Amino acid sequence: MSRIVSALVVLALACGTARAQTQSTTPAVDPATKLNFAATVGGASFERAVNYGGAPVNRPDQGTSYFYSTPKKLVITVQVYDGGRRVPVGNTSPIVTGEFSNELDSVAQQVKGSGFTNLERPPVPSTCTYGSVIFRCITYSVLSQANTRFYSKLLLTGYQNNFVKIRIDWSQGHQQTSADAEAALQAFVPALMH
């Protein structure tokens, strides 16, 4: 694994991925949402899944995270969870907007202790549409100790009584661009949520 990809994995861990049960084979369908997490989705390849409901985490409200990589080595993470409550469909309910704010606060807190600095993000999130699904979204970046800027685009919506959180990570230091990330999301998200 290259240093850049390793740093992106560290960033993913710093930004909300706790240690939990990891599986190297993907389930065909997520039991909560019926989303199909196949070996290949929209050109991205499945890497692993992390189930937060089992030992040692024992947080079934945090669901499962599914990790994919694109041919350009961008990392896509999908977390399906309910946070212990019934989640309305769409991106505009107070439950979804509150969870999105919590996610951004969590990113800011976890970046502080991760060795990354200089968190940059727009003051207000926007909406992004992929296929027929509308998400709350924001792109943020951090600076590594080696002065390399890493980027993440965070998407969140309510779907089948759950949150579906999607994040894609990239670095210009690895010749990856926001256009690469957007192209990957345009292929991945509609294929996942059709």
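Between 5, 41, 75, which is aliphatic (A, V, I, L, M), touching a strand residue (DSSP E or B) at 6+ places or on another chain (Cβ under 9 Å) and modelled with pLDDT under 90?
Numbers: 41 fails: modelled with pLDDT under 90; 75 fails: modelled with pLDDT under 90.
Criteria check complete, one pass: 5.
Of all residues in segment 39-53, how many are more than 16 Å from the chain's Cα centre (by Cα) and surrounded by fewer than 15 Cβ atoms within 10 Å (Cβ to Cβ)? Quick ask: steps written out before the conclusion?
Taking segment 39-53 first, the residues more than 16 Å from the chain's Cα centre (by Cα) are 39-40, 43, 53.
Remaining after also requiring surrounded by fewer than 15 Cβ atoms within 10 Å (Cβ to Cβ): 39-40, 43.
Residues flagged as more than 16 Å from the chain's Cα centre (by Cα) and surrounded by fewer than 15 Cβ atoms within 10 Å (Cβ to Cβ) within segment 39-53 amount to 3.
Looking at 154, 185, 192, which is the one that is closer than 27 Å to residue 83 by Cα and either among the basic types (Lys, Arg) or in contact with a helix residue (DSSP H, G or I) (Cβ under 7 Å, 6 or more places away or on another chain) (or both)? Full working, then the answer.
Details: 185 fails: either among the basic types (Lys, Arg) or in contact with a helix residue (DSSP H, G or I) (Cβ under 7 Å, 6 or more places away or on another chain) (or both); 192 fails: either among the basic types (Lys, Arg) or in contact with a helix residue (DSSP H, G or I) (Cβ under 7 Å, 6 or more places away or on another chain) (or both).
Only one candidate passes the filter, namely 154.
Can you work out which of the residues in segment 168-194 that are small (Gly, Ala, Ser) and free of Cβ contacts under 8 Å to residues at least 24 places away in the same chain is surrounded by the fewest Cβ atoms within 10 Å (Cβ to Cβ)? Steps first, answer last, please.
Here is the first cut: in segment 168-194, the residues small (Gly, Ala, Ser) are 171, 173, 178-179, 181, 183-184, 187, 191.
From the residues that got through so far, the ones that are free of Cβ contacts under 8 Å to residues at least 24 places away in the same chain too are 179, 183.
Values: 179: 8, 183: 15.
Restricting to residues being small (Gly, Ala, Ser) and free of Cβ contacts under 8 Å to residues at least 24 places away in the same chain, the top hit is 179.
Return the residue satisfying two criteria in turn: it lies in segment 14-38 and is part of a strand (DSSP E or B) and modelled with pLDDT of 70 or more, and of such residues it is surrounded by the most Cβ atoms within 10 Å (Cβ to Cβ).
First, the residues of segment 14-38 that are part of a strand (DSSP E or B): 21-23, 29, 36.
Subsequent filtering for residues that are modelled with pLDDT of 70 or more retains 29, 36.
Working: 29: 12, 36: 15.
Ranking the qualifying residues of segment 14-38, first place goes to 36.
Among the residues of segment 60-71, count how many are over 14 Å from residue 41 (Cβ atoms), in contact (Cβ under 8 Å) with a residue 12 or more places away in the chain and surrounded by fewer than 16 Cβ atoms within 10 Å (Cβ to Cβ).
The number of residues fulfilling the criteria is 1.
What are the residues in segment 166-185 that are farther than 14 Å from residue 154 by Cα and either of a type in the set (Ser, Thr, Tyr) or assigned to a helix (DSSP H, G or I) (or both), if any?
171, 172, 173, 174, 177, 179, 180, 183
Being among the aliphatic types (A, V, I, L, M) and either under 16 Å from residue 188 (Cβ atoms) or free of Cβ contacts under 8 Å to residues at least 60 places away in the same chain (or both) is the filter here; which residues of segment 26-48 pass it? Give the steps one after another, and end with the answer.
Within segment 26-48, the first condition is being among the aliphatic types (A, V, I, L, M), and the residues that meet it are 28-29, 32, 35, 38-39, 41, 44.
28, 29, 35, 38, 39, 41, 44 - these are the residues of segment 26-48 that are among the aliphatic types (A, V, I, L, M) and either under 16 Å from residue 188 (Cβ atoms) or free of Cβ contacts under 8 Å to residues at least 60 places away in the same chain (or both).
Do we have any residue at all in segment 85-101 that's part of a strand (DSSP E or B), closer than 20 Å to residue 35 by Cβ and either under 15 Å from the mean Cα position of the chain (by Cα) or at pLDDT 95 or above (or both)? Give the derivation first.
Step one: filter segment 85-101 for residues part of a strand (DSSP E or B), giving 87, 90.
Cutting the leftovers down to closer than 20 Å to residue 35 by Cβ gives us 87, 90.
Remaining after also requiring either under 15 Å from the mean Cα position of the chain (by Cα) or at pLDDT 95 or above (or both): 87, 90.
Yes: one or more hits.
Could you please give the count of residues in segment 105-150 that are assigned to a helix (DSSP H, G or I) and surrounded by fewer than 18 Cβ atoms within 10 Å (Cβ to Cβ)?
Kept after step one, since they are assigned to a helix (DSSP H, G or I), are these residues of segment 105-150: 105-112.
Keeping just the survivors that are surrounded by fewer than 18 Cβ atoms within 10 Å (Cβ to Cβ) gives 105-106, 108-110, 112.
The qualifying residues number 6.
Considering only residues that are hydroxyl-bearing (Ser, Thr, Tyr) and either surrounded by 15 or more Cβ atoms within 10 Å (Cβ to Cβ) or farther than 17 Å from residue 134 by Cβ (or both), which ones fall in segment 78-104?
Just the residues of segment 78-104 that are hydroxyl-bearing (Ser, Thr, Tyr), to begin with: 81, 92-93, 97, 101.
Scanning segment 78-104 gives 81, 101.
The values are calculated or read from the model by the stated rules, or taken from the named source; none is laboratory data. Worth saying up front: this structure is predicted, and the values here are computed from it rather than measured. Every residue, glycine as well, gets a Cβ built from its backbone with ideal geometry; the counts of neighbours run over all protein chains shown.
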